[in-house]
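*Asks:* This is the structure, below, for whatever I ask next.
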Amino acid sequence: MVNFFDKTLEELREHLAQCGKEKFRAQQIYRWVYQKGILDPEKMTNMSKDFRSQLLNLIEFKLPKISHIADSSDGTRKFLMDVDGGKTVESVLIPNGDRLTLCVSSEVGCAMGCRFCFTSKMGLMRRLLPFEIVGQFVNASANSPGGRKITNIVFMGMGEPLDNVANVRKAIEILHNQHGFGFPKRRITVSTSGIAPLIREVAEAGVRLAVSLNATTDEIRDKVMPINKKYPLTTLLDACREYASQTGDKVTFEYVLLKGVNDSRDDAHRIVRLTKNIPNKINLIPFNEHPDSGFHRPPAAEVLHFQRILMDAGRHVLIRKTMGRDIFAACGQLRSEMEKHPTRMAIQV
Ligand code: SF4
């Protein structure tokens with residue numbers, strides 16, 4: 001049996017045809033599920049009773065199960081969702097003015113080994129299937145605070161999206177389909193730690209690119225982000241330049257500020273030089289401290305000074321607020337706390 005949430009519209013058409021059914025039914029089912037939120041074939045009333053009862057044997061409508069929801073006092077809502085194999089992933093809804101951004105996971109754990117990252121401690125357990133990515137969106141949409149509509153999607157949760165690029169791209173196609181959610185691609189951002197050769201896939205997918213830069217010399221980047229040994233800064237920035245010229249879009253550079261590691265004034269000046277000729281914006285992220293990381297957050301005055309140097313060079317720079325600090329905001333941290341103290345944390349589902 002196939003899972004509905006794993007299928008593009010075209011694949012669903014083909015599946016129905018192979019089962020001896022009319023292809024146009026696929027579009028009807030897409031509308032029922034993605035536009036009306038109806039997952040029970042019995043309630044899809046513009047199809048014959050006979051077809052509806054057969055549907056249950058042709059397609060399953062299985063979503064990851066929400067096992068926990070944690071609300072922060074700042075409006076952030078974090079979900080833990082169970083995926084097959086007894087694993088869990090995190091998704092986070094982040095309100096910001098008119099925007100409601102969903103941060104989705106692409107893998108259980110991650111193989112990239114970024115030293116400052118909580119998720120990296122798990123290693124890669126497995127890559128998510130398309131339905132497990134689409135399912136995070138479906139679940140979060142149905143459980144958003146006040147029923148607010150999700151306006152943006154960022155692939156910045158657990159995992160390196162370009163390490164699971166085929167499934168990520170398929171999930172994007174499903175979410176974008178006009179007979180389904182019709183989610184605009186320009187409101188979807190894929191963030192990579194720097195798998196340079198696969199950045200062209202982001203351009204081909206028609207979505208926005210964010211790159212975790214996090215250091216300004218190969219020496220430091222090798223230490224904090226091991227992927228740099230394979231694709232050093234020049235290779236990565238060449239790929240970013242190509243993305244920008246291919247798409248006409250800006251690249252967002254994410255820069256986690258680690259005290260005494262990558263937060264010097266020289267670093268700020270080097271960012272200006274490195275990103276020259278790449279249309280960009282820069283997000284500074286003061287490190288969100290978590291136990292045993294060995295890294296620290298720079299003082300607020302230092303962060304502002306770092307920002308000032310970049311702004312004086314004409315760069316568009318935002319300092320990202322840390323949201324949801326009271327609900328274990330570091331990616332992977334809520335999941336870990338739940339495993340350690342399952343009874344201490346109230347289940348709200
Ligand atoms: S920062 Fe992202 S790419 Fe790096 S280890 Fe963590 S989840 Fe993986």
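The values are calculated or read from the model by the stated rules, or taken from the named source; none is laboratory data. A quick note: this is a predicted structure, and the numbers were derived from the prediction, not measured. Using ideal geometry, Cβ is built from the backbone for each residue, glycine included, and neighbour counts are taken over all protein chains shown.
*Asks:* Please specify each residue of segment 29-86 satisfying the condition of being among the polar types (S, T, N, Q), over 30 Å from the mean Cα position of the chain (by Cα) and in a loop (DSSP other than H, G, I, E, B). Explain how you work it out, then say what you get.
*Replies:* Within segment 29-86, the first condition is being among the polar types (S, T, N, Q), and the residues that meet it are 35, 45-46, 48, 53-54, 57, 67, 72-73, 76.
Subset that is over 30 Å from the mean Cα position of the chain (by Cα): 45-46, 48, 53-54, 57.
Of everything in segment 29-86, those that are among the polar types (S, T, N, Q), over 30 Å from the mean Cα position of the chain (by Cα) and in a loop (DSSP other than H, G, I, E, B) turn out to be Thr45, Asn46, Ser48.
*Asks:* Moving on. Looking only at segment 22-64, how many residues end up being without any contact (Cβ under 8 Å) to a residue 40 or more places away in the chain, of a type outside the set (D, E, K, R) and either over 27 Å from Asn143 (Cβ atoms) or exposed (fewer than 15 other Cβ atoms within 10 Å of the Cβ) (or both)? Working first, answer last.
*Replies:* Filtering segment 22-64 down to residues without any contact (Cβ under 8 Å) to a residue 40 or more places away in the chain leaves 22-26, 28-29, 32, 36, 38-56.
Narrowing further to those that are of a type outside the set (D, E, K, R): 24, 26, 28-29, 32, 38-39, 41, 44-48, 51, 53-56.
Keeping just the survivors that are either over 27 Å from Asn143 (Cβ atoms) or exposed (fewer than 15 other Cβ atoms within 10 Å of the Cβ) (or both) gives 24, 45-48, 51, 53-54, 56.
Qualifying residue count for the region: 9.
*Asks:* With respect to Ala215, is the statement that it is assigned by TED's automatic domain parsing to the domain that holds Thr322, over 21 Å from Glu201 (Cα atoms) and surrounded by 14 or more Cβ atoms within 10 Å (Cβ to Cβ) true? Can you show your working first?
*Replies:* On the way: assigned by TED's automatic domain parsing to the domain that holds Thr322: yes; over 21 Å from Glu201 (Cα atoms): yes; surrounded by 14 or more Cβ atoms within 10 Å (Cβ to Cβ): yes.
So Ala215 passes the test.
*Asks:* Taking segment 170-206, which residues are within 24 Å of Lys36 (Cα to Cα) and in a helix (DSSP H, G or I)?
*Replies:* Initial filter on segment 170-206 (within 24 Å of Lys36 (Cα to Cα)): 170-188.
Of everything in segment 170-206, those that are within 24 Å of Lys36 (Cα to Cα) and in a helix (DSSP H, G or I) turn out to be Lys170, Ala171, Ile172, Glu173, Ile174, Leu175, His176, Lys185, Arg186, Arg187.
*Asks:* Turning to a different aspect of this structure: Can you give me the ranges of the strands (runs of 3 or more DSSP E) entirely in segment 88-128 with at least 2 residues that are away from the ligand (no atom under 15 Å from the Cβ) and at pLDDT 95 or above? First the steps, then the outcome.
*Replies:* Numbers: elements: 99-103, 107-109, 124-127.
Result: 99-103.
*Asks:* Now, a different point. For residues in segment 207-265 being in a loop (DSSP other than H, G, I, E, B) and of a type in the set (S, T, N, Q), which is farthest from the ligand (Cβ to nearest atom)?
*Replies:* To start, the set of residues in segment 207-265 that are in a loop (DSSP other than H, G, I, E, B) comprises 207, 213-217, 225-226, 231-232, 248-250, 258-264.
When the remaining residues are screened for being of a type in the set (S, T, N, Q), the result is 214, 216-217, 262, 264.
Numbers: Asn214: 9, Thr216: 17, Thr217: 18, Asn262: 14, Ser264: 22 Å.
Among residues in segment 207-265 that are in a loop (DSSP other than H, G, I, E, B) and of a type in the set (S, T, N, Q), the one farthest from the ligand (Cβ to nearest atom) is Ser264.
*Asks:* In the list Val134, Val165, Val138, Val154, which residue meets the criterion of being under 20 Å from Gly85 (Cα atoms), in contact (Cβ under 8 Å) with a residue 24 or more places away in the chain and not in a loop (DSSP other than H, G, I, E, B)? Steps first, answer last, please.
*Replies:* On the way: Val165 fails: under 20 Å from Gly85 (Cα atoms); Val138 fails: under 20 Å from Gly85 (Cα atoms); Val154 fails: under 20 Å from Gly85 (Cα atoms).
Checking each option against the conditions leaves just Val134.
*Asks:* Report yes if Pro184 is within 16 Å of the ligand (Cβ to nearest atom), assigned by TED's automatic domain parsing to the domain that holds Gln136 and of a type outside the set (Ser, Thr, Tyr), otherwise no. If you could, list the steps in order and put the result at the bottom.
*Replies:* On the way: within 16 Å of the ligand (Cβ to nearest atom): no; assigned by TED's automatic domain parsing to the domain that holds Gln136: yes; of a type outside the set (Ser, Thr, Tyr): yes.
When the stated conditions are applied, Pro184 does not pass them.
*Asks:* Turning to a different aspect of this structure: Do the conditions hold for Ser193, that is, is it in contact (Cβ under 8 Å) with a residue 12 or more places away in the chain, within 16 Å of the ligand (Cβ to nearest atom) and out of contact with any helix residue (DSSP H, G or I) (no Cβ under 9 Å at 6 or more places or on another chain)? Working first, answer last.
*Replies:* Numbers: in contact (Cβ under 8 Å) with a residue 12 or more places away in the chain: yes; within 16 Å of the ligand (Cβ to nearest atom): yes; out of contact with any helix residue (DSSP H, G or I) (no Cβ under 9 Å at 6 or more places or on another chain): no.
Judged against the criteria, Ser193 is not a match.
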